[in-house]
Amino acid sequence: LIKPKRRIEGISAVLLPVDSQGKIHWPDFAALLQRTCAAGLTPAVNMDTGFVNFIDGHQRREVLQRARQILGEKPMVAGAFVDDRPGDAFDVDRYRRAIDENKGVEATPVIFQSFGLVSQEDEAIVASYQAIAEHCHQLIAFELGPMFAPFGKIYGTEVFRELMQIENCRGAKHSSLSRELEWQRLAIRDQIRPEFQVFTGNDLAIDMVMYGSDYLLGLSTLAPDFFARRDQYWLEGDSRFYILNDVLQFLGHFAFRVPVPAYKHTAAMFLHLRGWIESGQTHPQGACRSAADLPVLAGILDQLNQLDDLP
């Protein structure tokens, strides 16, 4: 069911920008964090949009430290990432160390999946999350579709039901790109634990917020200002929500087409067009888009800018 005039919580996975040499551009990273907060969204760092599986442990820690310095006392969330390999066993101690790094900067951990975690049977997966949860005050679970990363897995509804009942798990990011699966999770949530947050990661259906999802999206890093405006329209019952959402959704379908991981290059290109970052390049290990995308992105940006004149 559609839930009108609901306050939407928006968390935006901030792009980790690189310069023309492929090195992290820290001033641009700081600017993107500040723009995200200024728009009223909560920034998320060390996520897929932040190339968490390409940067090393030292760089992940530097991202956390710099983000906290930039944000001051403002809230943030951050990926708790374990870089393992196919065939590795689940390693709760590595998750605890990742959580400790987040604790050090007061960032709510988003528990990334790993090969060791998702290769287990369902009961063991649930027990693993319970063990992880014992080590932190609050956490956000994360289902990541394999189209995003090879260690991702979408759980069955029974696993989701059990995860939802972990007391200090405040919510779960769901990135299957499937409306049906997300609607199922919302129905379970409404029945069992209404305060539990389903954070849509469906960049192809960002209107899932109409049905009760909040969001933790990579797409919003391209336009945190427009996402925040769209969310305010929904809260106010303003029909301009639909016009703005449609343009943002067009951007989402263009950015997240196959190969899906190349959306991060699209993000860099779009943010460069906006004048928000110095380079439109992506991480050297990242999937790339063609320069032929630029006219399309420029057209979408023009459409968004024209929405300033909506009555």
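General remarks:
- Cross-link reach is defined here as a Cα-Cα straight distance under 17 Å, omitting same-chain residues fewer than 8 places apart; for Lys173 the lysines meeting it are Lys153.
- Relative to the Cα centre, the charge distribution of the stretch 2-125, modelled as +1 at Lys and Arg Cβ and -1 at Asp and Glu Cβ, gives a dipole magnitude of about 780 debye.
- Computed from phi, the 3J(HN,Hα) profile of the stretch 45-62 under the Karplus parametrisation 6.51, -1.76, 1.60 (θ = phi - 60°) reads 10, 6, 9, 4, 5, x, 6, 4, 8, 10, 7, 8, x, 4, 5, 4, 5, 5 Hz, with x in place of Gly and Pro.
- Phi angles across the stretch 247-263 convert, under the Karplus curve 6.51 cos²θ - 1.76 cosθ + 1.60 with θ = phi - 60°, into 3J(HN,Hα) values of 5, 5, 5, 4, 4, x, 5, 6, 5, 9, 6, 5, x, 4, x, 6, 4 Hz, Gly and Pro given as x.
- Principal axes of the stretch 154-225: Cα extent on each, largest first, Å: 34, 23, 20
- Normalised contact order of the stretch 205-311, rounded percent, pairs of Cα under 8 Å and 6 or more residues apart: 22
- The largest-to-smallest principal axis extents of the Cα set in the chain are 52, 47, 38 Å.
- Think of the chain as a dipole: +1 on every Lys or Arg Cβ, -1 on every Asp or Glu Cβ, centred on the Cα centre; then among Tyr155, Ile99, Leu301, Leu301 lies furthest on the positive end.
- Values of log10 I(q)/I(0), in the order q = 0.12, 0.14, 0.15, 0.18 Å⁻¹, for the stretch 29-183 under a Debye, Cα-only, solvent-free model: -0.49, -0.68, -0.78, -1.12
- In the calculated pair-distance distribution of the stretch 248-296, the portion above 13 angstrom amounts to 53 percent of the Cα-Cα pairs.
- When only the Cβ of Lys, Arg, Asp and Glu is charged (+1, +1, -1, -1), the dipole of the chain relative to its Cα centre reaches about 360 debye.
- Relative contact order, percent, the chain [alpha-carbon distance under 8 Å, six or more residues apart]: 20
- Over the stretch 190-311, all Cα pairs binned in 5 Å intervals from 0 give whole-percent P(r) values of 2, 10, 20, 22, 18, 13, 8, 4, 2, 0, listed from short to long.
- Span from the the stretch 291-307 Cα centroid across to the the stretch 174-203 one, whole angstrom: 31
- Prolate/oblate/rounded call for the stretch 107-200, Cα gyration tensor, a/c under 1.5 rounded: rounded
- Taking every protein chain into account, the accessible area of the stretch 164-311 amounts to 38 square angstrom per residue (probe 1.4 Å).
- Segments 217-225, 20-28, 76-84, 62-70 sorted - mean Cβ within 10 Å per residue, highest first: 217-225, 76-84, 62-70, 20-28
- Overall, the accessible surface of the chain at a probe of 1.4 angstrom is composed of carbon and sulfur to the extent of 50 percent.
- The distance from the alpha carbon centre of the stretch 42-60 to that of the stretch 91-115 is 12 Å, rounded to a whole number.
- Hz values of 3J(HN,Hα) by residue in the stretch 115-120 - Karplus curve (6.51, -1.76, 1.60), Gly and Pro given as x: 4, x, 5, 7, 7, 7
- Inverse of mean 1/r across different Cα pairs in the stretch 14-69, Kirkwood, Å: 11.4
- Each peptide in 149-158, 111-120 was scored by the mean count of other Cβ atoms within 10 Å over its residues; highest first, the order is 111-120, 149-158.
The values are calculated or read from the model by the stated rules, or taken from the named source; none is laboratory data. Since this is a predicted model, take the numbers as computed values, not measurements. As a convention, Cβ positions derive from the backbone with ideal geometry for all residues, glycine included, and neighbour counts pool all protein chains shown. Areas reflect the complete protein model, heavy atoms only, side chains present, ligands, DNA and RNA absent. Shrake-Rupley method; radii C 1.70, N 1.55, O 1.52, S 1.80 Å.
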